[in-house]
Amino acid sequence: MKLFGSTTSPFVRNCLLVAAHHGFGNELEVVRIDTAAERARLQAMNPLGKIPVLETDDGELIYDSAVICDYLDTLGDGESLFVGEEMAPWRIRTLLALCNGVLDACVSRTMMRLRTPQGEAQSPWWMQRWADNVGTGVGAMAACLDEIRTNRTMASIAFVTTLDYLDFRMPELGWRDGYSDMAVWVDEQLALDVFKATDPRR
Ligand SMILES: N[C@@H](CCC(=O)N[C@@H](CS)C(=O)NCC(=O)O)C(=O)O
């Protein structure tokens, strides 16, 4: 299986963490692809031009990351990450969608900040709007902390990936200042080998 993407992408990281949870991380080959320079190649696999894309051993192409995570979870012998002790599968997927929405806003903001073509203006209105979406999203995540911190599910993995990505790309947000409980919890998680091995700063 090949996972097309980049190791700085939090969406790729979620997929890698599902594979690692099920013990087949080594069978998932990460193929680096540049979303800007290799756009045509990427669009041939995903018409939306986004990473990650999974190519199965049968040559099937799967996107987006939530679908890839779901698929990889079905391959594992380990406990499903989409079934929680006290959480319904739809609840886990809703919290994954919350995290992915926060990431969408943060990634859009980061792209505008780092990748606006020279000579073109960045929109302060959109920058603010995405920052607001990230802020309200993180507030909603903090309100669910007790639900996700007791057992390892796709939701708890996505919380860690998302909050670490905010530290990485949007430190000016200072989300830790408002949510010290969540900051303590996420630091405990980030100290685990599985998260260290997928650190986007590597
Ligand atoms: N909903 C998608 C989002 C993926 C996404 O936004 N990926 C970013 C990189 S982190 C990307 O490929 N951006 C390139 C672009 O939009 O042109 C998923 O979960 O897979």
Conditions (1) more than 26 Å from LEU72 (Cβ to Cβ); (2) under 19 Å from the mean Cα position of the chain (by Cα); (3) among the acidic types (Asp, Glu); number of the one not met by ASP181: (2)
Members of segment 52-65 found to be within 17 Å of SER6 (Cβ to Cβ), among the hydrophobic types (A, V, I, L, M, F, W, C) and touching a Phe, Trp or Tyr at 6+ places or on another chain (Cβ under 6 Å), listed by number: VAL53
Criterion (away from the ligand (no atom under 12 Å from the Cβ) and outside the structural domain of MET141 (by TED's automatic domain parsing)) met by exactly one of SER80, SER9: SER80
Output for segment 42-62, where each listed residue is touching a Cys at 6+ places or on another chain (Cβ under 9 Å) and exposed (fewer than 11 other Cβ atoms within 10 Å of the Cβ): none
ARG115 touching a residue at least 12 places away in the same chain (Cβ under 8 Å), surrounded by 17 or more Cβ atoms within 10 Å (Cβ to Cβ) and basic (Lys, Arg): no
Top-ranked residue in segment 15-41 [being touching a residue at least 40 places away in the same chain (Cβ under 8 Å) and within 14 Å of the ligand (Cβ to nearest atom); ranked as surrounded by the fewest Cβ atoms within 10 Å (Cβ to Cβ)]: ALA36
TRP126 being within 16 Å of the ligand (Cβ to nearest atom), at pLDDT 95 or above, surrounded by 15 or more Cβ atoms within 10 Å (Cβ to Cβ) and more than 19 Å from VAL160 (Cα to Cα): no
Some residue of segment 68-91 being modelled with pLDDT of 95 or more and closer than 11 Å to PHE4 by Cβ: yes
Residue in segment 54-65 that is assigned by TED's automatic domain parsing to the domain that holds GLN189, within 16 Å of the ligand (Cβ to nearest atom) and of a type in the set (Val, Ile, Thr) present: no
Residues that are surrounded by 16 or more Cβ atoms within 10 Å (Cβ to Cβ) and more than 14 Å from the chain's Cα centre (by Cα), drawn from segment 98-111: ARG109, THR110
Segment 83-97 - residue that is part of a helix (DSSP H, G or I) and of a type in the set (Val, Ile, Thr) and, of those, surrounded by the fewest Cβ atoms within 10 Å (Cβ to Cβ): THR94
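The values are calculated or read from the model by the stated rules, or taken from the named source; none is laboratory data. Note that this is a predicted model, so its numbers are computed, not measured. With ideal geometry, Cβ positions are generated from the backbone for all residues, glycine too; neighbour counts draw on all protein chains shown.
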